1. Among the residues of the range 39-55, write down those that are farther than 18 Å from residue 24 by Cα, assigned to a helix (DSSP H, G or I) and of a type in the set (Val, Ile, Thr).
2. So which residues in the range 88-97 are within 19 Å of the chain's Cα centre (by Cα) and surrounded by fewer than 18 Cβ atoms within 10 Å (Cβ to Cβ), if there are any at all?
3. Is there a residue being in a loop (DSSP other than H, G, I, E, B) and either out of contact with any Lys or Arg (no Cβ under 9 Å at 6 or more places or on another chain) or not acidic (Asp, Glu) (or both) anywhere in the range 7-22?
4. Could you say which residue among 82, 71 is surrounded by fewer than 15 Cβ atoms within 10 Å (Cβ to Cβ), modelled with pLDDT under 95 and out of contact with any Cys (no Cβ under 9 Å at 6 or more places or on another chain)?
5. Under 14 Å from the mean Cα position of the chain (by Cα), under 20 Å from residue 131 (Cα atoms) and surrounded by 12 or more Cβ atoms within 10 Å (Cβ to Cβ): does that describe residue 56?
6. Only one of 25, 45 is acidic (Asp, Glu), at positive phi and surrounded by fewer than 17 Cβ atoms within 10 Å (Cβ to Cβ); which?
7. Within the set of pairs 6+ apart or on separate chains, which have a first residue in the range 112-124 that is small (Gly, Ala, Ser), a second that is surrounded by 13 or more Cβ atoms within 10 Å (Cβ to Cβ) and assigned to a helix (DSSP H, G or I), and C-beta atoms under 7 Å apart?
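The values are calculated or read from the model by the stated rules, or taken from the named source; none is laboratory data. The structure presented is a predicted model; accordingly, all values stated were derived computationally and were not measured. So basically every Cβ, Gly included, is an ideal-geometry build from the backbone, and we count neighbours across all protein chains shown.
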Amino acid sequence: MSDFLCFAVYSASHAFNRLYKPLLDELGLTYPQYLVMVTLWERDDRTVGEIGEQLFLESNTLTPLLKRMEAAGLVSRSRDPADERQVRLRLTGEGRALLDKARLVPPCMLEATGLTGEEARSLTDQIGALRTRLSASE
């Protein structure tokens, strides 16, 4: 098994999830919810489709997740007045305020990996390139 690239990525993903859990528990977020929040902190007022595309999540996965986030008061969902087919997602005041606490997550995660910033960027680039090649071969 240790020779399987896919198992190495899979097991590393599980290790990351275990490290993220206590940090995200303090924020009241799951990892997928955290990713949605990060996309909105980067640029608020996005369509659900844009978020799904960026996070590689299908609508049937994303919609219940967003409903829970809306019920928690972190985001608001509304139809786009220019195109009723589109649902727009915006941060609430509570969602914006959560960013102050969330700023601690990336440095904690980087420290836990033992990687330098440069090593982490390089590894991220390599994994992104691998994902692109795998997606192209589907």
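1. The answer is 48, 51.
2. Hits for the range 88-97 are 90, 92, 94, 96, 97.
3. No; the residues of the range 7-22 include none that is in a loop (DSSP other than H, G, I, E, B) and either out of contact with any Lys or Arg (no Cβ under 9 Å at 6 or more places or on another chain) or not acidic (Asp, Glu) (or both).
4. Of the residues listed, the single one that is surrounded by fewer than 15 Cβ atoms within 10 Å (Cβ to Cβ), modelled with pLDDT under 95 and out of contact with any Cys (no Cβ under 9 Å at 6 or more places or on another chain) is 82.
5. For residue 56, the condition - under 14 Å from the mean Cα position of the chain (by Cα), under 20 Å from residue 131 (Cα atoms) and surrounded by 12 or more Cβ atoms within 10 Å (Cβ to Cβ) - is not met.
6. Being acidic (Asp, Glu), at positive phi and surrounded by fewer than 17 Cβ atoms within 10 Å (Cβ to Cβ) holds for just one of 25, 45, which is 45.
7. 112/19; 117/110; 120/110; 120/113
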